[in-house]
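Here the structure comes first, spelled out in structure tokens, and everything after it is commentary.
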């Protein structure tokens, strides 16, 4: 895997791990919440406590993809985004993921399913907002709805101007799918690709 893609995956994993742990110790506080997997739970019907966090009107079930996140982006959809090589499963955090790269180019894609954050009670866009308030994220900004689902741009810092875009889409009130596009020339290309990636994932979830 190209170094650029490896670095992007490591940064994304670090950000998502920070949402689910206390401080920077790397220790998970307590035990996971008793709601396993990623099927929509009763929490999905409860409005987020933070009024700035949009509610997900039509939660999606991602449980079938916890074991293979790469299936969230079908080969044809990946090819439409310019990626023809198979995705590579990622295991850098408690949240499973999959990455795509292009040989000889810096362009990269990464999908992270926030099932680990959900099990720890820090899932969904609400979890990212909590992490921002706690100082674990320095950057969090509302993004455009994608196919009717709310999003945020997030990160340890805002790197969009450098062609790296980290987008989290709330597919349930307690679950996000994070779509990252890196190695592009500018913010428009990277964030446009991240949004298209999110749309492809939502289409897959709706068809599951």
Count - residues of region 65-79 that are in contact with a helix residue (DSSP H, G or I) (Cβ under 9 Å, 6 or more places away or on another chain) and farther than 13 Å from residue 201 by Cα: 1
Scan of region 69-84 for residues that are surrounded by 13 or more Cβ atoms within 10 Å (Cβ to Cβ) and assigned to a loop (DSSP other than H, G, I, E, B), ordered by number: 73, 74, 81, 83
Some residue of region 74-88 being under 14 Å from the mean Cα position of the chain (by Cα), closer than 13 Å to residue 179 by Cα and at pLDDT 95 or above: no
For residue 168: the one exception among (1) surrounded by fewer than 17 Cβ atoms within 10 Å (Cβ to Cβ); (2) without any contact (Cβ under 8 Å) to a residue 60 or more places away in the chain: (1)
Subset of region 130-162 (residues that are in a loop (DSSP other than H, G, I, E, B) and crowded, with 20+ Cβ neighbours inside 10 Å): 136, 137
Of residues in region 108-128 being over 14 Å from the mean Cα position of the chain (by Cα) and outside any loop (DSSP other than H, G, I, E, B), the one surrounded by the most Cβ atoms within 10 Å (Cβ to Cβ): 108
Any chance residue 189 is more than 15 Å from the chain's Cα centre (by Cα), over 23 Å from residue 80 (Cα atoms), surrounded by fewer than 19 Cβ atoms within 10 Å (Cβ to Cβ) and modelled with pLDDT of 95 or more: no
Count of residues meeting criterion [in a loop (DSSP other than H, G, I, E, B), surrounded by 17 or more Cβ atoms within 10 Å (Cβ to Cβ) and at pLDDT below 95] in region 89-101: 3
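The values are calculated or read from the model by the stated rules, or taken from the named source; none is laboratory data. None of these values were measured; they are calculated from a predicted model. Heads up, the Cβs are rebuilt from the backbone with ideal geometry, glycines too, and the neighbour counts pull from every protein chain shown.
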